[in-house]
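The values are calculated or read from the model by the stated rules, or taken from the named source; none is laboratory data. Keep in mind the model is a prediction, meaning the values are calculated, not measured. Glycine also receives a Cβ, built like all others from the backbone with ideal geometry; neighbour counts cover every protein chain displayed. Just so you know, the surface numbers come from the protein's heavy atoms only, side chains and all, with ligands and any DNA or RNA stripped out. Shrake-Rupley method; radii C 1.70, N 1.55, O 1.52, S 1.80 Å.
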Amino acid sequence: MINTPAPALDVAELLGNIAQTRCRKSYETLFTFVAPKLLNFTRKQLRDESMAMEVVQETMLKVWLKAHLYEPSKGAALTWIYSVARNVKFDLLRKTKHQQDWVQGDDLWPIMHEERDPDKLPLEFEAIVSEELDSLINTLPTAQAEVVRMVCLQGASHQDVADAIGVPLGTVKSRLRLALQKMKEALDD
């Protein structure tokens, strides 16, 4: 029995079918052929299995959505797909870095109802800090002080504060931002 080579897969033709008729069969064939290659390629670059899988998934989604952008005169179809994957990888890395740098307000404010931690300030120092904080809040305009007390000391949400004092949510956020900025400047002096 003679082994005949399998017919070469025409990636450009598959992309054309996807672009013109949204041919699912062509997409399945392309996915089965390309996804494992992309996964191996991204695994080597990222050394992170879950991120590599995400790059492949996003890339193949973009191939489905943007197949019409491939132009055979500008290069090989497989090269185009790898370019899409490269862009997806960079976008994902940028997004991941941005999320690592992002800090939420909850990360900055201590939880008010915790068990006593032996590494925390002793009670006598806590009273001093509380007194200083109270006097700092008292230097603020009344409307800003009220928002700071409700949000920071009582743990109310911005929306709860807006409802309680009868102002728009944006006003609460502005008052809080201005108050915290003034408090920071006072502490820096």
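Any idea what Rg and Dmax come out to for the stretch 32-85 if you just take the C-alpha atoms, in Å?
Just the Cα atoms of the stretch 32-85 yield Rg and Dmax of 11.3, 35 Å.
Over the heavy atoms of K62, what accessible area does a 1.4 Å probe trace out, to the nearest 10 Å²?
60
When the chain is fully extended, how far beyond the present Cα-Cα distance does N138 get from S50, taking 0.36 nm per residue of separation?
Here the segment from N138 to S50 would lengthen by 26.7 nm.
Between Rg and the Kirkwood Rh of the stretch 131-186, both from Cα atoms, what is the Rg to Rh ratio?
With Rg and the Kirkwood Rh in hand, the quotient comes to 0.95.
Would you tally the net charge around K37, using a Cβ to Cβ cut-off of less than 12 Å, leaving K37 out, and scoring K and R as +1, D and E as -1?
+2
Apply the Karplus parameterisation 6.51 cos²θ - 1.76 cosθ + 1.60, with θ equal to phi minus 60°, to every residue of the stretch 131-148 and state each ³J(HN,Hα) to the nearest whole Hz, in sequence, with x for glycine and proline.
Here the 3J(HN,Hα) series is 4, 4, 4, 5, 5, 5, 5, 5, 7, 7, x, 3, 5, 6, 4, 4, 5, 4 Hz.
When the convex hull of the C-alpha atoms of the stretch 1-97 is computed, what volume per residue in Å³ does it have?
Enclosed volume per residue, from the Cα hull, is 124 Å³.
What percent does the relative contact order of the stretch 1-82 come to when contacts are Cα pairs within less than 8 Å and at least six residues apart?
It comes to 37 percent, rounded to a whole number.
Given 0.36 nm per residue, what is the gain on full extension from L187 to R24 after removing their alpha carbon distance, in nm?
The span from L187 to R24 would gain 52.4 nm if fully extended.
Find how much the distance from R94 to F31 grows on full extension, using 0.36 nm per residue of separation minus their present alpha carbon separation; answer in nm with one decimal.
Fully extending the segment from R94 to F31 adds 20.1 nm.
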